[in-house]
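**Q** Here you go, one structure.
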Amino acid sequence: MEDRSLLSEETISNKIYFIRNQKVMLDFDLAALYGVETRRLNEQVKRNISRFPSDFMFQLTEIELENLMSQIATSSWGGIRKLPFAFTEHGVLMLSSVLKSDKAIQTNIQIMRIFTKVRQMLLDTTEIKVDILQIQKKLENHDKNIELVFSYLDELTEKKENESERVKIGYKK
């Protein structure tokens with residue numbers, strides 16, 4: 001039985017950003033998904049700060065926030081008073097141990113599934129890139145081989161043109 005309160009994959013995946021070479025979700029987006037206020041989410045995190053090392057969560061710099069907001073034309077963030085926290089995949093997973101509501105648990109499960117799909121898509125595109133590079137190498141080798149064949153053909157035709165007519169040996173009629 002499918003729960004109607006589940007969020008769409010697109011809703012969640014649109015809230016995954018690439019910052020500092022990592023896929024992250026921002027505190028205010030997570031709070032909205034979990035149905036809590038951002039400050040409440042951050043309070044729970046601060047109460048359990050030992051669960052969130054720097055590779056699980058970090059605070060954006062002003063420059064990172066400006067860059068992110070400029071990339072997203074339709075920003076509904078309103079006035080942000082504090083720089084937001086960015087949670088990596090592991091940080092989002094750790095949030096499930098801090099936030100106990102049923103909605104938070106279900107939302108967390110969905111988010112983890114989306115992160116897994118994103119990771120798989122990245123792996124798939126990497127495999128495709130490797131395949132394309134292999135094909136390009138083969139094509140380069142084919143080009144070189146075709147050039148070699150044509151150069152040999154040119155040499156043979158030059159030899160044919162430069163050959164003088166041979167004196168025939170044998171009986172004449």
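**Q** Taking interchain pairs and intrachain pairs at least six residues apart, which have beta carbon atoms under 7 angstrom, with the first residue in the range 110-134 and in a helix (DSSP H, G or I) and the second of a type outside the set (Val, Ile, Thr) and modelled with pLDDT of 80 or more?
**A** Met112/Leu93; Phe115/Lys23; Phe115/Glu89; Val118/Lys23
**Q** Restricting attention to the range 159-171, does a residue exist that is surrounded by 10 or more Cβ atoms within 10 Å (Cβ to Cβ) and in a helix (DSSP H, G or I)? Show your work before the answer.
**A** As a first pass, look at the range 159-171 and keep what is surrounded by 10 or more Cβ atoms within 10 Å (Cβ to Cβ): none.
Within the range 159-171 (the criterion being surrounded by 10 or more Cβ atoms within 10 Å (Cβ to Cβ) and in a helix (DSSP H, G or I)), the answer is no, since none of the residues qualifies.
**Q** From Ala104, Ala73, Ala86, grab the single residue that is modelled with pLDDT under 80, aliphatic (A, V, I, L, M) and crowded, with 17+ Cβ neighbours inside 10 Å.
**A** Working: Ala73 fails: crowded, with 17+ Cβ neighbours inside 10 Å; Ala86 fails: modelled with pLDDT under 80.
The match here is Ala104.
**Q** Looking only at residues in the range 2-17 that are under 16 Å from Lys103 (Cα atoms) and part of a loop (DSSP other than H, G, I, E, B), which one is modelled with the highest pLDDT?
**A** Ser8
**Q** Which number in (1) touching a residue at least 12 places away in the same chain (Cβ under 8 Å); (2) surrounded by fewer than 13 Cβ atoms within 10 Å (Cβ to Cβ); (3) outside any loop (DSSP other than H, G, I, E, B) marks the one condition that Asp55 misses?
**A** Going through (1) touching a residue at least 12 places away in the same chain (Cβ under 8 Å); (2) surrounded by fewer than 13 Cβ atoms within 10 Å (Cβ to Cβ); (3) outside any loop (DSSP other than H, G, I, E, B) one by one, Asp55 breaks only (3).
**Q** Could you figure out which of (1) loosely packed, with under 11 Cβ neighbours inside 10 Å; (2) modelled with pLDDT under 90; (3) closer than 19 Å to Ile111 by Cβ isn't true of Gly78?
**A** (3)
The values are calculated or read from the model by the stated rules, or taken from the named source; none is laboratory data. Here the structure is a predicted model, which is why all the values come from computation and not from measurement. Counting neighbours? That spans all protein chains shown, and the Cβs are built from the backbone with ideal geometry, glycine included.
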